[in-house]
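J.: Below you'll find the structure I mean.
The values are calculated or read from the model by the stated rules, or taken from the named source; none is laboratory data. The structure presented is a predicted model; accordingly, all values stated were derived computationally and were not measured. Note that each Cβ is placed from the backbone with ideal geometry, even for glycine, and that neighbours are counted across all protein chains shown.
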Amino acid sequence: MDVRGCCCYSRDLLDMEVNKMNGKYSPSVNTLALAILMDLRTNAKNLRLQVEKFENGAVAIDASQGDYNVGARVGEICMGGLGTVSITTMPVDGLYLPAVHVHTGDPVISCMGSQYAGWQVKVKNVETGKKWKAMSSGPARARSKVEKKLYARIGYEDEAQAAVTVFETSKAPTDEVMEYVAGKCNVDPKDTHAIWAPTNCIVGSTQISARVVETSIHKLFEVAHEEGYQIEDKIVAGEGIAPIAPIAKNDLKAMGRTNDAILAGGNVNLTVRVPKDEEEILQSIMKKVPSSTAAGYGDPFYKIFKSFNFKFYDIDPGLFAPALVTVNNMVTGSCISYGALDPELLKRSFFTA
């Protein structure tokens, strides 16, 4: 099915794009995300989006001037069309802050197979020698499979002949960047699409808060792996809420606030299906999932980031998790919460320049 000229999609058409590989349910995250992106593209003028089409046919959409609703749609693109993101409000110690409400019935594919920002794209301009780089999240990752071990672990691949990526950047991707993405995804450049926004804008702040469920699952994956426990096929659904951080004056400050939105204000509910005789293992793992279990927790993220000379990968990766995670085991009926919201830390982060 050629979706490039479509501006909207019926449920029936989308269902046609759900593949059956080896008899296993396997939705196409690129096809589903492309439907959302094409709707944004069709309404670009009304949504304050700037669409650039390159000579090679690739398309990049500048979402830096978009609003909360655009940010929510970008969050859904990141999730490969397998999750919903809605705008709401969240009480924080007597205040009401804008927030996102996220839920997905395909948590492993939508979060780890699509939304997780696991692909750092770097492209050097052959004429100037300057390097463009940004983190790529979204369904194009499932085409490129740069993270081979992760995709082998979750047993997912996407055979769609299109690639959709989301860049967190203040610099527009070039035709060279889009050509590079197309090559890595093994698709034609004309079937390659990107939407981008910096961290310090409404869309950037919104789509990062929309990662609240993803961060819980990523941390759960890591802890379970350390314990030698297979959790991938036991996570049934995910739901979460997180405040949307106020817009900071630059991307570094914004990175601090947007991370604090989740690690101090993120509240997630996971539904799992774990055998009764493995529930103690699950509980021992879940105790390590909340952000407060990580080294250095307690200061605003920007302060921690600065103490590491802004070297992101030197920070304890265990910090990148929600404040509060509740797990309901469908097999036993148990429902247990781990961690706690930290409104004081949120206020220290949000209400300082």
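Rundown of residues vs (1) at pLDDT 95 or above; (2) among the aliphatic types (A, V, I, L, M); (3) in contact with a strand residue (DSSP E or B) (Cβ under 9 Å, 6 or more places away or on another chain); (4) in the same structural domain as ALA224 (by TED's automatic domain parsing), yes/no style:
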| residue | (1), (2), (3), (4) |
| --- | --- |
| SER86 | yes, no, yes, no |
| VAL92 | no, yes, yes, no |
| VAL100 | yes, yes, yes, no |
| ASP106 | yes, no, yes, no |
| SER110 | yes, no, yes, no |
| GLY155 | no, no, yes, no |
| ALA162 | yes, yes, yes, no |
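J.: What are the residues in the stretch 236-271 that are aliphatic (A, V, I, L, M) and closer than 28 Å to LYS171 by Cβ, if any? Let's see the steps before the verdict.
T.: So in the stretch 236-271, the residues aliphatic (A, V, I, L, M) come out as 236-237, 241-242, 244-245, 247-248, 252, 254-255, 261-264, 268, 270.
Answer for the stretch 236-271, where residues must be aliphatic (A, V, I, L, M) and closer than 28 Å to LYS171 by Cβ: ALA242, ILE244, ALA245, ILE247, ALA248, LEU252, ALA254, MET255, ALA261, ILE262, LEU263.
J.: Could you list, in sequence order, the residues of the stretch 237-253 that are more than 15 Å from the chain's Cα centre (by Cα) and surrounded by fewer than 24 Cβ atoms within 10 Å (Cβ to Cβ)?
T.: Hits for the stretch 237-253 are ALA237, PRO246, ILE247, ALA248, LYS249, ASN250, ASP251, LEU252, LYS253.
J.: Also, I was wondering about something else. Going residue by residue through the stretch 325-342, is there one that turns out to be surrounded by fewer than 16 Cβ atoms within 10 Å (Cβ to Cβ), among the acidic types (Asp, Glu) and closer than 21 Å to ALA254 by Cα?
T.: Within the stretch 325-342 (the criterion being surrounded by fewer than 16 Cβ atoms within 10 Å (Cβ to Cβ), among the acidic types (Asp, Glu) and closer than 21 Å to ALA254 by Cα), the answer is no, since none of the residues qualifies.
J.: Continuing with the same structure: Could you check how many residues of the stretch 168-200 are under 22 Å from the mean Cα position of the chain (by Cα) and over 24 Å from ALA35 (Cβ atoms)?
T.: Adding up the residues that qualify gives 6.
J.: Within the stretch 271-283, identify whether any single residue is under 20 Å from the mean Cα position of the chain (by Cα) and surrounded by 14 or more Cβ atoms within 10 Å (Cβ to Cβ), and answer yes or no.
T.: Residues of the stretch 271-283 that are under 20 Å from the mean Cα position of the chain (by Cα), as a first pass: 271.
When the remaining residues are screened for being surrounded by 14 or more Cβ atoms within 10 Å (Cβ to Cβ), the result is 271.
So far as the stretch 271-283 goes, yes, one or more of its residues are under 20 Å from the mean Cα position of the chain (by Cα) and surrounded by 14 or more Cβ atoms within 10 Å (Cβ to Cβ).
J.: Confirm whether THR89 is part of a strand (DSSP E or B), at negative phi, more than 11 Å from the chain's Cα centre (by Cα) and without any contact (Cβ under 8 Å) to a residue 12 or more places away in the chain.
T.: On the way: part of a strand (DSSP E or B): yes; at negative phi: yes; more than 11 Å from the chain's Cα centre (by Cα): yes; without any contact (Cβ under 8 Å) to a residue 12 or more places away in the chain: yes.
Here the answer is yes, as THR89 does meet what is asked.
J.: Any residue in the stretch 233-241 that is in contact with a Lys or Arg (Cβ under 7 Å, 6 or more places away or on another chain) and part of a helix (DSSP H, G or I)? Even if it seems obvious, please write down each step before you answer.
T.: As a first pass, look at the stretch 233-241 and keep what is in contact with a Lys or Arg (Cβ under 7 Å, 6 or more places away or on another chain): 234, 236.
Those left that are additionally part of a helix (DSSP H, G or I): 234.
Yes: the stretch 233-241 contains one or more residues that are in contact with a Lys or Arg (Cβ under 7 Å, 6 or more places away or on another chain) and part of a helix (DSSP H, G or I).
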